[in-house]
């Protein structure tokens, strides 16, 4: 494993010895069900074959010491006091360790190396991969092995309190629960989940990075969540899951335009995700592709979390042979699109997207095809 070898080599060079333990956690794409994890919806994420790896061990000194060789950044903290950290990724790591301490399982002083090929700010949950990899390492250091959703909620609290992002539970749960060759159907209302086999013959999932980075901590994400909560309050509903699109249309006249749009996206996206689960189980891949396009239209027009570059990438696929569907994935305001494609047409599709996107923006997108991969796990050294 190239990432593990990189981490072992960097640890030896930085600290003069080998690490004791290691752990990894994947990034993810969400096929459909965007911005509804914090609205009691269902989501359909899958882990991608890109990972964050942490190799580390106890140290005889004090404090917590982390090295990110890919950026040649070193961070050292004498304790787990939270605050503004530079570099920013350090807050995610310390936040997870702090949550272990608050839970009664303090992590001993340690030193670690972090390597990753999950691109940051791309909507592929690089932050959740970092949090979950850190938690999986901390489990080994403390001997406290958590239930999957317990670990997901611990990492979510770390992101809320350390990074200031009021995220739902999807990203952390995905990095833990996802399995190879399956899509995770996660009910964010009651945390029930199941694996949907996802190995469509001749088809693949193409991820296209717009190279427009987002920063969800700047406020747009939090604003959308607040708007959804305000709309639900005005409609006097305890959960968005209580409404079908038709029922929403009957009671939504009281909402101002912005809140009306947010509600339209939430109720329609919940319905689309249910339809997408049925399409996957029955092998109706064309129907799934059409749902992806519908989801993007709603995210663009109703939830207003897309951006011109993401819209271009989706638009470019609409008339390409071999593309069944495409949409933005992740929090939005930049990042990636996810497309369901015929693998036989992959070379043509990728060339067409790169050519059109470069001509329109002057940027070269990054494209890769991924298969559903396994969630977080310790790595034997």
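Residue 6 meets the stated requirement of being assigned to a helix (DSSP H, G or I) and farther than 20 Å from residue 205 by Cα.
Just one residue in the set 369, 338 is buried (at least 24 other Cβ atoms within 10 Å of the Cβ) and under 17 Å from residue 122 (Cβ atoms); that residue is 338. Return the residues of segment 52-73 that are touching a residue at least 24 places away in the same chain (Cβ under 8 Å) and within 17 Å of residue 9 (Cα to Cα); say none if nothing qualifies. Scanning segment 52-73 gives 52, 53, 54, 55, 56, 57, 65, 66, 67, 68, 69, 70. Would you check if residue 152 is in contact (Cβ under 8 Å) with a residue 24 or more places away in the chain and either surrounded by 24 or more Cβ atoms within 10 Å (Cβ to Cβ) or within 30 Å of residue 57 (Cβ to Cβ) (or both)? Yes, satisfied. If only one of 231, 253 is buried (at least 21 other Cβ atoms within 10 Å of the Cβ) and more than 16 Å from the chain's Cα centre (by Cα), which one is it? Answer to the selection: 231. When segment 46-67 is filtered for residues that are surrounded by fewer than 19 Cβ atoms within 10 Å (Cβ to Cβ) and either in contact with a helix residue (DSSP H, G or I) (Cβ under 7 Å, 6 or more places away or on another chain) or part of a strand (DSSP E or B) (or both), the ones remaining, listed by number, are 49, 58. Take the conditions at pLDDT below 95, under 16 Å from residue 38 (Cβ atoms) and in a loop (DSSP other than H, G, I, E, B) and apply them to residue 238. Does it pass? Yes.
Take segment 234-250 and flag every residue that is in contact (Cβ under 8 Å) with a residue 24 or more places away in the chain and within 28 Å of the chain's Cα centre (by Cα). Within segment 234-250, 239, 240, 241, 243, 244, 245 qualify. The combined condition, being closer than 20 Å to residue 30 by Cβ, touching a helix residue (DSSP H, G or I) at 6+ places or on another chain (Cβ under 9 Å), modelled with pLDDT of 95 or more and surrounded by fewer than 16 Cβ atoms within 10 Å (Cβ to Cβ), is fulfilled by residue 284. Report yes if some residue within segment 337-355 is over 22 Å from the mean Cα position of the chain (by Cα), more than 23 Å from residue 35 (Cα to Cα) and modelled with pLDDT under 95; otherwise report no. Looking for residues that are over 22 Å from the mean Cα position of the chain (by Cα), more than 23 Å from residue 35 (Cα to Cα) and modelled with pLDDT under 95, one finds none in segment 337-355, hence no. Within segment 308-324, identify whether any single residue is crowded, with 17+ Cβ neighbours inside 10 Å, touching a strand residue (DSSP E or B) at 6+ places or on another chain (Cβ under 7 Å) and closer than 19 Å to residue 168 by Cα, and answer yes or no. Checked against the condition, which is being crowded, with 17+ Cβ neighbours inside 10 Å, touching a strand residue (DSSP E or B) at 6+ places or on another chain (Cβ under 7 Å) and closer than 19 Å to residue 168 by Cα, segment 308-324 yields no hits at all. Among the criteria (1) touching a residue at least 60 places away in the same chain (Cβ under 8 Å); (2) buried (at least 20 other Cβ atoms within 10 Å of the Cβ); (3) touching a strand residue (DSSP E or B) at 6+ places or on another chain (Cβ under 7 Å), the one residue 274 does not fulfil is (2). Listed by position, the strands (runs of 3 or more DSSP E) contained in segment 160-228 that have at least 2 residues being crowded, with 21+ Cβ neighbours inside 10 Å, at pLDDT 95 or above and touching a helix residue (DSSP H, G or I) at 6+ places or on another chain (Cβ under 9 Å) are 182-187, 203-209. Would segment 5-14 turn up any residue that is more than 21 Å from residue 111 (Cα to Cα) and at pLDDT 90 or above? Checked segment 5-14: no residue is more than 21 Å from residue 111 (Cα to Cα) and at pLDDT 90 or above.
Taking first residues from segment 12-26 that are buried (at least 24 other Cβ atoms within 10 Å of the Cβ) and partners that are modelled with pLDDT of 95 or more and part of a loop (DSSP other than H, G, I, E, B), the Cβ contacts under 6 Å between residues at least 6 apart in sequence or on separate chains come to 25/376.
Identify, please: which residue in segment 103-118 is part of a loop (DSSP other than H, G, I, E, B) and touching a strand residue (DSSP E or B) at 6+ places or on another chain (Cβ under 6 Å) and is, among those, surrounded by the fewest Cβ atoms within 10 Å (Cβ to Cβ)? Taking the candidates together, the pick is 108. Each residue in segment 258-271 was checked for being in contact (Cβ under 8 Å) with a residue 40 or more places away in the chain and either over 15 Å from residue 226 (Cα atoms) or under 19 Å from the mean Cα position of the chain (by Cα) (or both), and 3 of them qualify. For segment 119-141, a residue qualifies if it is more than 19 Å from residue 167 (Cα to Cα) and surrounded by fewer than 24 Cβ atoms within 10 Å (Cβ to Cβ), and the qualifying residues are 139, 140, 141. Against the conditions (1) in a loop (DSSP other than H, G, I, E, B); (2) over 12 Å from the mean Cα position of the chain (by Cα), residue 24 satisfies every one except (1).
The values are calculated or read from the model by the stated rules, or taken from the named source; none is laboratory data. Computed from a prediction, not measured in an experiment: that's the story for all the values here. Here the Cβ is made from the backbone with ideal geometry for all residues, glycine too, and neighbour counts use every protein chain on show.
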